[in-house]
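To start, the structure under review is shown below, and the notes come after it.
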Amino acid sequence: MAGIGFVLRNLTTKDNLIGLLSGFGYSALVATGPWLFTILALTGILSLGSYFTTFEQQITFRIVVIYNFSFSLVISGPIVMVLTRYVSDLIFLKEVEKAPGALLGGLMLVYAVQFPVAFYFYFVHVQLEFMTAVSAFVNYFLINGVWLVTIFVTALKDYKMVIRVFFMGMTLGAVANPFLAKDLGVVGMFFGFNAGLAIIFFGIIARVFAEYPYEAKDFFGFMGHFRRYWDLALVGLTFNLAAWVDKWIMWFAPERETVAGGFYSYSNYDSAMFLAYLSIVPSMASFVLSMETRFYEHYLKFYRDIQKHVSFQAIEANHRALVQAVHVSGRNFLILQGGVSLLAILLAPSIFQWFGINFKQMGMYRLGVLGAFYHVSILFLNILLSYFDCRRKALKVSLFFLGSNACLTVISMNQGFPYYGFGYFGACLLTFMVAVIITFRHILDLPYHTFITQNESVKG
């Protein structure tokens, strides 16, 4: 994100409020594009669709999108993480002519892995009408494609194109869907939503090929990265599993519903958590604009000066500046996200009343907001560890998050309704504490790790 972050940060340097708001607005949409698109489009679709569709049709559409969103993210996670590293290496080595081939090869691999899973689930496991199953199947693959192609968004640095594509897709998905549903039912709902996803998917692909007008070849040149960065692939799997495992477990709570076709769901918990996640959008924007760019500048200077063989005093000075940049950015994040989370909790009754949300979700929502605060903090700390190539440490954080979220969610579920949400919040809090200790111990001893523990010549 650092590359597009520098471009967006230029907007905030303009001496007016519009420039500042534009920078944060674009950053929020770039950082959370696919996720924000899905939540906003789904909200608009269900709101407008209530005038044209039955309650059962809305439930079927909603649960299929949630299933597709969650399982596509988890299963594609390892491929997305490794391909992200591969694309980053191509940019660093100035070998971007391989980017088109990597894009197509990544899509082929994702679809090859996902095809048997999705085919079995929609055409064998659950009981849906054939056209509904086909529509859900197509939706699953479009979502997978969007996850993968957004890897290349940060390399493009063309934020306006990215926003236009997401806005067009989101608008079409939200507006066309209900009108198609009037005559075609659930199939029409999927047709409109899939059309919006297709605009995003193919729009980004077209922009990538325009940016890198090279012959697509060496489709699977990134496969060697799986052997070299197997721990990074596991980070992609375990962190996404950790983010979703509490939702999956809560689908088996006593209050769960079994939707037509055989889907399990607990809509109150899912809705509360998705609404809670919206509270982290400002911090995601701040991370792209401030933390990652400011940190990256000091990070780059630290390592470039080492390559220039500067004095140890200069290295120590760069190290102190780097630590200071992390502290300042972390403080700004805590102030911003802490304020947003506090407002979200205090204004919960008004928010629920304005949007007609079931008040049974309020306790879970408030715990979800607190959990999301620590969740996004864990994500940022894992990104910092990735900058220093601490893949094993990032994997430890992800595994702890997965284990604690699963265990504590089971415990809180068994305690009954008043405790729903405590498992996720507790897991995020504990994992945050672990991640802070691991990350800052590494950063504070960075010169030692650079010259000793991560020095290949010393290891040899």
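Tabulated data for the structure shown
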read-out: Pick from the stretch 246-278, criterion over 14 Å from the mean Cα position of the chain (by Cα) and closer than 30 Å to Val326 by Cα, ranking: modelled with the lowest pLDDT; value: Leu275
read-out: Among residues of the stretch 242-288, those that are outside any helix (DSSP H, G or I) and either of a type outside the set (Asp, Glu) or in the same structural domain as Gly338 (by TED's automatic domain parsing) (or both), counted; value: 14
read-out: Single unsatisfied condition, Ala344 versus (1) surrounded by 19 or more Cβ atoms within 10 Å (Cβ to Cβ); (2) modelled with pLDDT under 85; value: (2)
read-out: Flag if Ile151 is farther than 14 Å from Phe201 by Cβ and in contact (Cβ under 8 Å) with a residue 60 or more places away in the chain; value: no
read-out: Scope the stretch 381-407; condition within 26 Å of Ser271 (Cα to Cα) and surrounded by 22 or more Cβ atoms within 10 Å (Cβ to Cβ); matching residues; value: Ser398, Phe401, Asn405
read-out: Scan of the stretch 338-363 for residues that are in a helix (DSSP H, G or I), of a type in the set (A, V, I, L, M) and more than 16 Å from Met273 (Cβ to Cβ), ordered by number; value: Val340, Leu342, Leu343, Leu346
read-out: Pairs, first within 17 Å of Leu444 (Cβ to Cβ) and in contact (Cβ under 8 Å) with a residue 60 or more places away in the chain in the stretch 303-318, second of a type in the set (D, E, K, R) and part of a helix (DSSP H, G or I), C-beta under 9 Å, six or more apart; value: Ile315/Asp305
read-out: Selection status of Phe167, assigned to a helix (DSSP H, G or I), crowded, with 16+ Cβ neighbours inside 10 Å and assigned by TED's automatic domain parsing to the domain that holds Gln58; value: no
read-out: Hits in the stretch 415-436 (condition: among the polar types (S, T, N, Q) and modelled with pLDDT under 95); value: Gln415
read-out: Test for Asp231: is it surrounded by fewer than 18 Cβ atoms within 10 Å (Cβ to Cβ), in a helix (DSSP H, G or I) and of a type outside the set (A, V, I, L, M); value: yes
read-out: Filter result for the condition that a residue is assigned by TED's automatic domain parsing to the domain that holds Val87, assigned to a helix (DSSP H, G or I) and of a type in the set (Phe, Trp, Tyr), over Phe295, Phe302, Phe222, Phe239; value: Phe222
read-out: Selected residue (criterion: farthest from Val74 (Cα to Cα)) from residues of the stretch 105-132 that are small (Gly, Ala, Ser) and touching a helix residue (DSSP H, G or I) at 6+ places or on another chain (Cβ under 9 Å); value: Gly105
read-out: Some residue of the stretch 111-119 being hydrophobic (A, V, I, L, M, F, W, C), within 19 Å of the chain's Cα centre (by Cα) and on the phi < 0 side of the Ramachandran plot; value: no
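A quick yes/no check of all residues on (1) over 21 Å from His442 (Cβ atoms); (2) free of Cβ contacts under 8 Å to residues at least 12 places away in the same chain:
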| position | (1), (2) |
| --- | --- |
| Asn382 | no, no |
| Arg391 | no, no |
| Ala394 | no, no |
| Leu399 | no, no |
| Gly403 | yes, yes |
| Met413 | yes, no |
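The values are calculated or read from the model by the stated rules, or taken from the named source; none is laboratory data. Keep in mind the model is a prediction, meaning the values are calculated, not measured. FYI the Cβ positions are ideal-geometry reconstructions off the backbone, even for glycines, and counts take in every protein chain you see.
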